[in-house]
Amino acid sequence: MTAPAFAVLFAVALAAMVGVRLWLAARQLRHVALHRDRVPDAFRQRIALDAHRKAADYTSAKQRLGRVEMLVDALVLVLLTFGGVLGTLVAWTGALPAGALWRDVALFAALALIGGATSLPFGWYSTFVIEERFGFNRMTLKLWIADLVKGTLVAIVLGLPILLLVLWLMREAGSWWWLWAWLAWMGFQLAVLVLYPTVIAPLFNKFEALPAGDARERVEALLGRCGFASSGLYVMDGSRRSGHGNAYFTGFGRAKRVVFFDTLLARLTGGELEAVLAHELGHFKLRHIAKRIAWMAFASLGFLALLAWLMRAPWFYAGLGIPGTLGPDAMARPGVALALFSLALPVFTFAFRPLASLYSRRHEYEADAFAAGNASGQALADALVKLYEDNAATLTPDPLHSAFYDSHPPAAARIARLQAATG
């Protein structure tokens with residue numbers, strides 16, 4: 001392939017991705033607005049019209065913000081590649097009085113600063129305008145800044161060692177560097193799974209033992225029936241930041257924890273909480289988590305092998321805005337190839353997003369069926385209706401938009417399956 005041909009291919013793929021995303025956003029806005037003033041029949045007895053309208057307006061507000069952010073991200077990508085900004089950064093970092101590895105680290109630091117400067121205003125607007133307008137935000141500016149600083153420090157502490165190791169392997173491990181880098185990456189991912197519940201998450205939230213009572217007794221009985229061993233049942237102070245509720249598993253091996261948001265405990269009955277946990281347990285018992293890790297491992301191995309091939313192709317650099325005078329020796333500046341690959345890959349993988357969403361929704365249906373068989377399908381349906389209302393989740397998403405983006409099935413389809421399962 002030639003550099004001009006690859007540049008055209010990338011430009012067409014980027015334009016197609018932006019066009020499809022704008023089209024899907026328009027469909028979602030139109031569909032939600034069209035159904036704003038009528039609660040679906042399946043929910044009419046449980047959700048008031050005002051709550052339904054709030055969910056429609058909240059969904060639309062987030063969609064409009066996401067559309068603007070997507071356009072800004074696309075513009076930044078064009079400037080980095082065809083606009084020559086990345087080429088300038090390559091030249092600048094190449095002239096730094098530092099070792100080759102640290103020059104590549106400086107390149108990634110510069111890209112991270114650009115990405116942060118781009119996303120930060122949208123994060124602020126989402127929290128302090130949209131979430132505030134709809135009554136969900138409980139963050140103060142001080143806490144928001146503290147989270148930002150801690151998140152940045154955690155990213156540096158965790159990300160810098162693995163970045164240095166991968167860059168070193170790209171330089172020193174020969175033609176099979178990508179296999180060694182994959183092993184390092186998978187080891188890093190598993191280490192984060194182990195460290196997250198006990199080291200990382202407590203930096204941002206407080207975790208207390210689930211108090212004694214009906215909810216704890218039901219949860220412990222369910223864990224015993226399902227043969228699930230965890231390191232503890234915890235309540236997280238989610239209400240400190242948001243009015244949204246959730247529950248999740250975290251950790252790996254003996255570090256597994258069951259975590260409930262305090263907002264969730266305040267809203268659900270013991271039976272509903274048990275059913276929500278049964279759904280989450282379904283993901284574990286049906287090996288959904290292991291399957292997703294396996295798919296991630298398979299995909300990352302393929303992508304690293306692809307990168308190993310691309311980094312030796314001059315057209316890959318020239319086609320994405322690295323001038324011939326700056327086009328680096330692939331083994332001397334492997335970070336340039338890694339940076340280019342990281343920027344370009346999402347443009348080409350966007351087309352596969354519906355498949356990932358379909359796979360995830362299938363797992364959600366299976367976990368719902370597990371919950372119906374091991375707790376109460378009706379209780380889970382009741383809990384989901386409460387969560388849809390409390391989180392202002394739209395009950396009427398556009399079907400095509402949902403197929404592309406939603407990791408969970410639409411509310412109506414999910415509730416209908418649960419009610420059919422309970423007879």
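The values are calculated or read from the model by the stated rules, or taken from the named source; none is laboratory data. Since the model is a prediction, treat every value here as computed from it, not as a measurement. Neighbour counts are summed over all protein chains in view; Cβ atoms, including those assigned to glycine, are modelled from backbone coordinates with ideal geometry.
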(message) All but one of (1) surrounded by 15 or more Cβ atoms within 10 Å (Cβ to Cβ); (2) touching a helix residue (DSSP H, G or I) at 6+ places or on another chain (Cβ under 7 Å); (3) small (Gly, Ala, Ser) hold for residue 407; state the number of the condition that does not hold.
(response) (1)
(request) Kindly list the number of the only condition in (1) over 26 Å from residue 290 (Cβ atoms); (2) free of Cβ contacts under 8 Å to residues at least 40 places away in the same chain; (3) not basic (Lys, Arg) that fails for residue 340. (result) (2)
(message) Let me confirm something: among 264, 273, 307, which residue is buried (at least 20 other Cβ atoms within 10 Å of the Cβ) and under 30 Å from residue 337 (Cβ atoms)?
(response) 307
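Does the range 351-364 include one or more residues that are under 14 Å from residue 271 (Cα atoms) and among the aliphatic types (A, V, I, L, M)?
Filtering the range 351-364 for residues under 14 Å from residue 271 (Cα atoms) gives none.
So far as the range 351-364 goes, no, none of its residues is under 14 Å from residue 271 (Cα atoms) and among the aliphatic types (A, V, I, L, M).
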(request) Output the residue which, of all residues in the range 352-411 that are touching a His at 6+ places or on another chain (Cβ under 7 Å) and among the polar types (S, T, N, Q), is modelled with the highest pLDDT. (result) 396
(request) Can you work out which of the residues in the range 222-241 that are aliphatic (A, V, I, L, M) and surrounded by 15 or more Cβ atoms within 10 Å (Cβ to Cβ) is nearest to residue 258 (Cα to Cα)? (result) 233
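Rundown of residues vs (1) crowded, with 16+ Cβ neighbours inside 10 Å; (2) in contact (Cβ under 8 Å) with a residue 40 or more places away in the chain; (3) among the hydroxyl-bearing types (Ser, Thr, Tyr), yes/no style:
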| site | (1), (2), (3) |
| --- | --- |
| 358 | no, yes, no |
| 364 | yes, yes, no |
| 367 | yes, yes, no |
| 376 | yes, yes, yes |
| 385 | yes, yes, no |
(request) Could you check residue 91 against (1) more than 17 Å from residue 389 (Cα to Cα); (2) surrounded by 17 or more Cβ atoms within 10 Å (Cβ to Cβ); (3) in contact with a Pro (Cβ under 9 Å, 6 or more places away or on another chain) and say which number it fails? (result) (2)
(message) I'd like the residue in the range 206-221 that is more than 16 Å from residue 280 (Cβ to Cβ) and surrounded by fewer than 15 Cβ atoms within 10 Å (Cβ to Cβ) and, out of all such residues, is modelled with the highest pLDDT.
(response) 206
(message) Here is a list: 32, 20, 12. Which entry is of a type in the set (Val, Ile, Thr) and more than 24 Å from the chain's Cα centre (by Cα)?
(response) 12
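Hey, can you tell me all the residues within the range 369-403 that are part of a helix (DSSP H, G or I), among the hydrophobic types (A, V, I, L, M, F, W, C) and under 23 Å from residue 422 (Cβ atoms)? Reasoning before the result, please.
Filtering the range 369-403 down to residues part of a helix (DSSP H, G or I) leaves 369-374, 377-390, 399-403.
Cutting the leftovers down to among the hydrophobic types (A, V, I, L, M, F, W, C) gives us 369-372, 379-381, 383-385, 387, 400, 403.
Correct list: 369, 370, 371, 372, 379, 380, 381, 383, 384, 385, 387.
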(message) For the range 123-137: of the residues being over 15 Å from residue 393 (Cα atoms) and crowded, with 17+ Cβ neighbours inside 10 Å, which is farthest from the chain's Cα centre (by Cα)?
(response) 137
(request) Taking residue 82 as the residue in question, decide whether it is among the aromatic types (Phe, Trp, Tyr), more than 27 Å from residue 7 (Cα to Cα) and surrounded by 15 or more Cβ atoms within 10 Å (Cβ to Cβ). (result) no
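Working only within the range 188-205, note down all residues that are small (Gly, Ala, Ser) and closer than 22 Å to residue 282 by Cβ.
To start, the set of residues in the range 188-205 that are small (Gly, Ala, Ser) comprises 191, 201.
Within the range 188-205, no residue meets the criteria.
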(message) Given the options 395, 418, 400, name the one that is within 13 Å of residue 276 (Cα to Cα) and either buried (at least 19 other Cβ atoms within 10 Å of the Cβ) or among the hydrophobic types (A, V, I, L, M, F, W, C) (or both).
(response) 418
(request) Search the range 323-340 for residues being farther than 15 Å from residue 111 by Cβ and aliphatic (A, V, I, L, M), and hand back the single one that is modelled with the lowest pLDDT. (result) 330
